[in-house]
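Here's the structure we're looking at; comments come further down.
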Amino acid sequence: MRLALLLRTLTAGLVLALGITASAAAGPALDKVSFGTNWVAEGEHGGFFQALADGTYKKYGLDVTIVPGGPNVNNRVLLISGKLDFFMTANTLQSFDAVANNVPVVAVAAMFQKDPQVFLAHPESKVTKIEDLKPLTLFVSKEGIASYFQWLKSEYGFSEEKVKPYTFNAQPFLADKNSAMQGYVTSEPYAVEKQAGFKPTVILLADAGFNPYSTLIETRRDLVEHKQDLVQRFVDASIVGWYTYLYGDNTAGNAMIKKLNPEMTDGLLAYSVAKMREYGIVDSGDSLRDGIGAMSDARYASFFDKMVLAGVVRRDIDFRKAYTLQFVNKGVGIDLRPKNLNPKNPQPKK
(Lines give C-alpha, C1' and ligand atoms only; values in the text may rest on other atoms or scores of the structure.)
Protein backbone atom coordinates (compact mmCIF):
# COMPACT_ATOMS: atom_id res chain seq x y z
CA MET A 1 0.00 0.00 0.00
CA ARG A 2 2.77 2.44 0.91
CA LEU A 3 4.60 1.64 -2.33
CA ALA A 4 1.46 2.23 -4.41
CA LEU A 5 0.82 5.56 -2.70
CA LEU A 6 4.44 6.60 -3.26
CA LEU A 7 4.24 5.71 -6.95
CA ARG A 8 1.01 7.67 -7.37
CA THR A 9 2.60 10.68 -5.71
CA LEU A 10 5.76 10.54 -7.80
CA THR A 11 3.92 10.20 -11.10
CA ALA A 12 1.29 12.88 -10.46
CA GLY A 13 3.35 15.60 -12.13
CA LEU A 14 4.87 13.63 -15.02
CA VAL A 15 4.40 14.61 -18.65
CA LEU A 16 1.52 12.71 -20.25
CA ALA A 17 0.96 11.93 -23.88
CA LEU A 18 -1.01 15.14 -24.40
CA GLY A 19 0.42 17.36 -21.72
CA ILE A 20 1.20 17.49 -18.04
CA THR A 21 -1.23 16.94 -15.19
CA ALA A 22 -1.36 17.12 -11.42
CA SER A 23 -3.95 14.64 -10.20
CA ALA A 24 -5.09 14.10 -6.67
CA ALA A 25 -4.03 10.81 -5.14
CA ALA A 26 -6.66 11.04 -2.46
CA GLY A 27 -9.32 13.37 -1.08
CA PRO A 28 -12.45 14.85 -2.67
CA ALA A 29 -13.00 14.19 -6.34
CA LEU A 30 -11.66 16.95 -8.56
CA ASP A 31 -13.22 18.23 -11.77
CA LYS A 32 -11.03 17.28 -14.71
CA VAL A 33 -10.12 20.27 -16.89
CA SER A 34 -7.93 20.47 -19.99
CA PHE A 35 -6.24 23.72 -21.04
CA GLY A 36 -4.31 24.22 -24.26
CA THR A 37 -1.67 26.89 -24.74
CA ASN A 38 -0.88 28.42 -28.14
CA TRP A 39 2.86 27.69 -28.09
CA VAL A 40 5.51 25.62 -26.35
CA ALA A 41 5.97 26.23 -22.62
CA GLU A 42 7.59 29.60 -21.85
CA GLY A 43 7.66 32.38 -19.30
CA GLU A 44 4.73 34.14 -21.00
CA HIS A 45 2.59 31.17 -19.87
CA GLY A 46 4.06 31.16 -16.38
CA GLY A 47 0.96 31.84 -14.29
CA PHE A 48 -0.86 28.81 -15.65
CA PHE A 49 2.04 26.46 -15.00
CA GLN A 50 2.50 28.02 -11.56
CA ALA A 51 -1.14 27.32 -10.65
CA LEU A 52 -0.68 23.71 -11.72
CA ALA A 53 2.72 23.15 -10.12
CA ASP A 54 2.00 24.71 -6.72
CA GLY A 55 -1.41 23.09 -6.27
CA THR A 56 -3.57 26.19 -6.77
CA TYR A 57 -5.80 24.49 -9.33
CA LYS A 58 -6.24 21.58 -6.93
CA LYS A 59 -7.26 23.98 -4.15
CA TYR A 60 -10.02 25.21 -6.44
CA GLY A 61 -11.25 21.66 -6.96
CA LEU A 62 -9.67 21.18 -10.37
CA ASP A 63 -7.56 18.39 -11.86
CA VAL A 64 -5.95 20.36 -14.69
CA THR A 65 -4.02 19.04 -17.66
CA ILE A 66 -2.05 21.65 -19.63
CA VAL A 67 -1.55 20.74 -23.28
CA PRO A 68 1.32 22.78 -24.75
CA GLY A 69 0.99 24.12 -28.28
CA GLY A 70 3.67 24.24 -30.92
CA PRO A 71 4.34 24.70 -34.63
CA ASN A 72 2.38 21.57 -35.55
CA VAL A 73 -0.31 21.75 -32.85
CA ASN A 74 -3.64 23.55 -33.20
CA ASN A 75 -5.14 23.58 -29.73
CA ARG A 76 -7.87 26.01 -30.71
CA VAL A 77 -9.33 23.39 -33.04
CA LEU A 78 -9.24 20.93 -30.14
CA LEU A 79 -11.16 23.44 -28.02
CA ILE A 80 -13.82 23.92 -30.68
CA SER A 81 -14.18 20.16 -31.18
CA GLY A 82 -14.62 19.59 -27.44
CA LYS A 83 -11.31 17.84 -26.82
CA LEU A 84 -10.11 20.76 -24.66
CA ASP A 85 -12.08 22.84 -22.17
CA PHE A 86 -10.04 26.05 -22.31
CA PHE A 87 -7.52 27.62 -24.68
CA MET A 88 -4.96 30.42 -24.35
CA THR A 89 -5.75 32.63 -27.33
CA ALA A 90 -3.06 35.11 -28.37
CA ASN A 91 -4.98 38.37 -28.61
CA THR A 92 -8.29 40.16 -29.08
CA LEU A 93 -8.05 40.00 -32.88
CA GLN A 94 -8.46 36.23 -32.73
CA SER A 95 -11.60 36.73 -30.65
CA PHE A 96 -13.01 39.14 -33.24
CA ASP A 97 -12.17 36.61 -35.96
CA ALA A 98 -14.15 33.95 -34.10
CA VAL A 99 -17.22 36.19 -34.15
CA ALA A 100 -16.77 36.96 -37.85
CA ASN A 101 -16.66 33.22 -38.61
CA ASN A 102 -19.42 32.16 -36.19
CA VAL A 103 -17.02 30.07 -34.10
CA PRO A 104 -18.79 29.37 -30.75
CA VAL A 105 -15.99 30.45 -28.41
CA VAL A 106 -15.76 33.37 -26.00
CA ALA A 107 -12.96 35.09 -24.05
CA VAL A 108 -13.53 34.91 -20.29
CA ALA A 109 -10.37 36.60 -18.95
CA ALA A 110 -7.41 38.62 -20.28
CA MET A 111 -4.23 37.72 -18.45
CA PHE A 112 -2.16 40.34 -20.32
CA GLN A 113 -3.38 43.93 -20.10
CA LYS A 114 -0.78 44.88 -22.72
CA ASP A 115 0.19 43.04 -25.86
CA PRO A 116 3.96 42.33 -25.57
CA GLN A 117 4.65 43.18 -29.23
CA VAL A 118 7.67 45.48 -29.68
CA PHE A 119 10.10 46.79 -32.23
CA LEU A 120 13.82 46.50 -31.49
CA ALA A 121 16.21 49.12 -32.89
CA HIS A 122 19.95 49.70 -32.77
CA PRO A 123 21.07 52.32 -30.23
CA GLU A 124 22.80 54.18 -33.08
CA SER A 125 19.45 54.93 -34.73
CA LYS A 126 18.49 57.19 -31.79
CA VAL A 127 14.91 55.87 -31.66
CA THR A 128 12.96 57.22 -28.68
CA LYS A 129 9.34 56.97 -29.87
CA ILE A 130 7.32 54.98 -32.36
CA GLU A 131 7.40 57.69 -35.06
CA ASP A 132 11.20 57.41 -35.13
CA LEU A 133 10.85 53.94 -36.67
CA LYS A 134 9.30 55.22 -39.92
CA PRO A 135 12.58 55.88 -41.82
CA LEU A 136 14.05 52.50 -40.85
CA THR A 137 13.88 49.17 -42.65
CA LEU A 138 11.35 47.15 -40.66
CA PHE A 139 11.45 43.38 -40.35
CA VAL A 140 7.82 42.30 -39.92
CA SER A 141 6.24 38.84 -40.08
CA LYS A 142 3.35 37.94 -42.36
CA GLU A 143 1.03 37.88 -39.34
CA GLY A 144 2.33 41.25 -38.22
CA ILE A 145 1.63 42.82 -41.62
CA ALA A 146 -1.99 41.61 -41.44
CA SER A 147 -2.54 42.95 -37.93
CA TYR A 148 -0.56 45.55 -36.01
CA PHE A 149 1.19 46.97 -39.09
CA GLN A 150 -2.17 47.94 -40.58
CA TRP A 151 -2.76 49.95 -37.41
CA LEU A 152 0.68 51.57 -37.76
CA LYS A 153 -0.33 52.63 -41.27
CA SER A 154 -3.68 54.10 -40.26
CA GLU A 155 -2.55 55.63 -36.96
CA TYR A 156 0.98 56.81 -37.75
CA GLY A 157 1.29 56.77 -41.54
CA PHE A 158 3.81 53.92 -41.83
CA SER A 159 4.51 52.52 -45.30
CA GLU A 160 4.98 48.91 -46.36
CA GLU A 161 7.71 50.09 -48.74
CA LYS A 162 10.10 49.99 -45.77
CA VAL A 163 9.10 46.46 -44.76
CA LYS A 164 11.08 43.27 -45.27
CA PRO A 165 9.95 39.77 -44.23
CA TYR A 166 10.76 38.76 -40.67
CA THR A 167 11.61 35.06 -40.50
CA PHE A 168 12.23 34.90 -36.74
CA ASN A 169 15.96 35.21 -37.40
CA ALA A 170 17.73 38.22 -35.90
CA GLN A 171 20.70 38.20 -38.31
CA PRO A 172 19.28 40.58 -40.94
CA PHE A 173 18.46 43.09 -38.19
CA LEU A 174 21.86 42.75 -36.57
CA ALA A 175 23.58 43.35 -39.92
CA ASP A 176 21.68 46.59 -40.64
CA LYS A 177 21.98 49.40 -38.09
CA ASN A 178 19.25 51.31 -39.92
CA SER A 179 16.66 48.65 -39.30
CA ALA A 180 14.20 47.57 -36.62
CA MET A 181 12.85 44.09 -35.90
CA GLN A 182 9.59 42.93 -34.39
CA GLY A 183 9.64 40.83 -31.24
CA TYR A 184 8.19 40.29 -27.78
CA VAL A 185 9.39 42.46 -24.94
CA THR A 186 9.83 39.31 -22.87
CA SER A 187 12.25 37.46 -25.15
CA GLU A 188 13.79 38.97 -28.30
CA PRO A 189 15.65 41.84 -26.55
CA TYR A 190 17.28 39.25 -24.29
CA ALA A 191 18.27 37.09 -27.26
CA VAL A 192 19.75 40.05 -29.15
CA GLU A 193 21.78 41.15 -26.14
CA LYS A 194 23.13 37.63 -25.65
CA GLN A 195 23.88 37.13 -29.33
CA ALA A 196 25.23 40.55 -30.30
CA GLY A 197 26.42 42.04 -27.02
CA PHE A 198 24.35 45.24 -27.03
CA LYS A 199 21.06 46.32 -25.52
CA PRO A 200 18.58 47.20 -28.27
CA THR A 201 16.18 50.10 -27.99
CA VAL A 202 12.70 48.70 -27.28
CA ILE A 203 9.44 50.34 -28.40
CA LEU A 204 6.31 48.69 -26.96
CA LEU A 205 3.38 49.13 -29.34
CA ALA A 206 0.90 49.00 -26.46
CA ASP A 207 2.40 52.17 -25.02
CA ALA A 208 1.82 53.90 -28.36
CA GLY A 209 -1.89 53.07 -28.48
CA PHE A 210 -2.10 49.52 -29.82
CA ASN A 211 -4.46 48.22 -27.16
CA PRO A 212 -5.66 44.63 -27.65
CA TYR A 213 -5.77 42.28 -24.71
CA SER A 214 -3.34 39.39 -24.96
CA THR A 215 -3.00 35.87 -23.54
CA LEU A 216 -6.73 35.48 -23.01
CA ILE A 217 -8.53 32.47 -21.59
CA GLU A 218 -11.04 31.26 -24.15
CA THR A 219 -13.71 28.59 -23.81
CA ARG A 220 -16.76 27.32 -25.63
CA ARG A 221 -20.09 29.06 -25.19
CA ASP A 222 -21.72 25.86 -23.94
CA LEU A 223 -19.34 25.79 -20.94
CA VAL A 224 -20.15 29.43 -20.14
CA GLU A 225 -23.85 28.64 -20.29
CA HIS A 226 -23.93 25.29 -18.49
CA LYS A 227 -20.78 25.07 -16.31
CA GLN A 228 -20.41 28.57 -14.92
CA ASP A 229 -18.94 27.40 -11.60
CA LEU A 230 -16.25 25.38 -13.39
CA VAL A 231 -15.31 28.34 -15.59
CA GLN A 232 -15.19 30.67 -12.59
CA ARG A 233 -12.92 28.37 -10.61
CA PHE A 234 -10.53 27.93 -13.52
CA VAL A 235 -10.36 31.69 -14.11
CA ASP A 236 -9.88 32.46 -10.40
CA ALA A 237 -7.18 29.84 -9.90
CA SER A 238 -5.34 31.01 -13.02
CA ILE A 239 -5.41 34.58 -11.72
CA VAL A 240 -3.93 33.48 -8.40
CA GLY A 241 -1.28 31.54 -10.33
CA TRP A 242 -0.31 34.69 -12.19
CA TYR A 243 -0.01 36.76 -9.00
CA THR A 244 2.27 34.10 -7.52
CA TYR A 245 4.32 33.79 -10.69
CA LEU A 246 4.88 37.54 -10.90
CA TYR A 247 5.33 38.48 -7.26
CA GLY A 248 5.88 35.31 -5.24
CA ASP A 249 7.96 32.15 -5.36
CA ASN A 250 7.70 30.97 -8.97
CA THR A 251 10.25 28.16 -8.63
CA ALA A 252 7.66 25.42 -9.14
CA GLY A 253 6.17 27.01 -12.24
CA ASN A 254 9.55 27.59 -13.82
CA ALA A 255 10.67 24.04 -13.09
CA MET A 256 7.64 22.71 -14.93
CA ILE A 257 8.25 25.05 -17.89
CA LYS A 258 11.89 23.98 -18.14
CA LYS A 259 10.93 20.32 -17.99
CA LEU A 260 8.60 20.73 -20.94
CA ASN A 261 10.88 23.11 -22.84
CA PRO A 262 14.60 22.83 -21.98
CA GLU A 263 15.34 25.91 -24.12
CA MET A 264 13.83 28.03 -21.35
CA THR A 265 16.88 28.85 -19.25
CA ASP A 266 16.81 30.36 -15.77
CA GLY A 267 18.21 33.57 -17.23
CA LEU A 268 15.52 33.91 -19.90
CA LEU A 269 12.72 33.06 -17.47
CA ALA A 270 13.96 35.64 -14.96
CA TYR A 271 14.21 38.21 -17.77
CA SER A 272 10.66 37.47 -18.93
CA VAL A 273 9.21 37.94 -15.47
CA ALA A 274 11.19 41.16 -14.91
CA LYS A 275 9.97 42.65 -18.20
CA MET A 276 6.36 41.62 -17.59
CA ARG A 277 6.55 43.55 -14.32
CA GLU A 278 8.51 46.51 -15.68
CA TYR A 279 6.16 47.16 -18.61
CA GLY A 280 2.95 46.23 -16.79
CA ILE A 281 2.20 43.48 -19.29
CA VAL A 282 0.06 41.49 -16.83
CA ASP A 283 -0.73 43.90 -14.04
CA SER A 284 -1.45 47.50 -15.04
CA GLY A 285 -4.36 49.74 -15.96
CA ASP A 286 -7.70 48.20 -14.98
CA SER A 287 -6.08 45.20 -13.31
CA LEU A 288 -4.62 47.43 -10.60
CA ARG A 289 -8.18 48.07 -9.44
CA ASP A 290 -10.10 44.99 -10.64
CA GLY A 291 -7.42 42.30 -10.46
CA ILE A 292 -5.38 40.38 -13.01
CA GLY A 293 -7.54 39.15 -15.88
CA ALA A 294 -9.56 42.38 -15.97
CA MET A 295 -11.50 43.34 -19.09
CA SER A 296 -13.90 46.18 -19.96
CA ASP A 297 -16.49 47.02 -22.59
CA ALA A 298 -14.79 50.37 -23.25
CA ARG A 299 -11.43 48.74 -23.98
CA TYR A 300 -12.97 46.25 -26.41
CA ALA A 301 -14.91 49.02 -28.17
CA SER A 302 -11.78 51.17 -28.46
CA PHE A 303 -9.69 48.41 -30.02
CA PHE A 304 -12.53 47.35 -32.32
CA ASP A 305 -12.83 50.90 -33.68
CA LYS A 306 -9.08 51.06 -34.31
CA MET A 307 -9.09 47.77 -36.18
CA VAL A 308 -12.10 48.79 -38.28
CA LEU A 309 -10.33 52.04 -39.19
CA ALA A 310 -7.22 50.05 -40.10
CA GLY A 311 -9.25 47.70 -42.30
CA VAL A 312 -8.39 44.64 -40.22
CA VAL A 313 -11.95 43.75 -39.11
CA ARG A 314 -15.40 44.42 -40.55
CA ARG A 315 -17.62 47.07 -39.01
CA ASP A 316 -20.71 44.86 -39.24
CA ILE A 317 -19.58 42.17 -36.79
CA ASP A 318 -20.98 42.24 -33.24
CA PHE A 319 -17.68 42.36 -31.36
CA ARG A 320 -19.51 42.12 -28.03
CA LYS A 321 -20.01 38.42 -28.72
CA ALA A 322 -16.24 37.94 -28.50
CA TYR A 323 -16.11 38.14 -24.71
CA THR A 324 -17.97 38.14 -21.41
CA LEU A 325 -17.17 40.09 -18.25
CA GLN A 326 -19.03 37.56 -16.11
CA PHE A 327 -15.94 35.92 -14.63
CA VAL A 328 -13.52 38.83 -14.11
CA ASN A 329 -13.19 42.21 -12.38
CA LYS A 330 -13.84 40.65 -8.96
CA GLY A 331 -10.54 41.56 -7.31
CA VAL A 332 -9.46 37.92 -6.97
CA GLY A 333 -5.87 37.65 -5.72
CA ILE A 334 -5.29 41.38 -5.26
CA ASP A 335 -4.11 40.72 -1.71
CA LEU A 336 -1.16 38.82 -3.23
CA ARG A 337 0.18 41.94 -4.95
CA PRO A 338 3.04 43.62 -3.02
CA LYS A 339 1.78 46.59 -1.02
CA ASN A 340 4.65 48.77 -2.23
CA LEU A 341 3.82 48.34 -5.92
CA ASN A 342 4.14 51.55 -7.93
CA PRO A 343 1.01 51.80 -10.16
CA LYS A 344 3.00 53.67 -12.83
CA ASN A 345 5.75 51.06 -12.87
CA PRO A 346 4.21 47.74 -11.79
CA GLN A 347 7.11 45.97 -10.16
CA PRO A 348 8.04 45.78 -6.48
CA LYS A 349 10.34 48.54 -5.31
CA LYS A 350 13.79 47.42 -4.22
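Points to keep in mind about this one:
- Which numbered condition residue 58 fails, given (1) at pLDDT below 95; (2) open to solvent by 70 Å² or more (accessible area, probe 1.4 Å); (3) over 25 Å from residue 98 (Cβ atoms); (4) under 23 Å from the mean Cα position of the chain (by Cα): (1)
- Scanning the range 64-97 for residues that are in a helix (DSSP H, G or I) and touching a Pro at 6+ places or on another chain (Cβ under 8 Å) yields 80, 92, 93.
- Candidates are the residues of the range 305-323 that are under 23 Å from the mean Cα position of the chain (by Cα) and without any contact (Cβ under 8 Å) to a residue 40 or more places away in the chain; the one that is nearest to residue 98 (Cα to Cα) is 320.
- Taken together, the criteria place residue 135 among residues that are in a loop (DSSP other than H, G, I, E, B) and not hydrophobic (A, V, I, L, M, F, W, C).
- The range 292-319, residues that are in a helix (DSSP H, G or I), closer than 18 Å to residue 114 by Cβ and of a type outside the set (Lys, Arg): 298, 300, 301, 302, 303, 304, 307
The values are calculated or read from the model by the stated rules, or taken from the named source; none is laboratory data. Predicted, not measured: the structure shown is a model, and the values here were computed from it. Methodologically, a virtual Cβ is constructed for each residue, glycine included, from the backbone with ideal geometry; neighbour enumeration extends over all protein chains shown. Side chains are part of the model used for accessible areas, which takes the heavy atoms of the whole protein and leaves out ligands, DNA and RNA. Shrake-Rupley method; radii C 1.70, N 1.55, O 1.52, S 1.80 Å.
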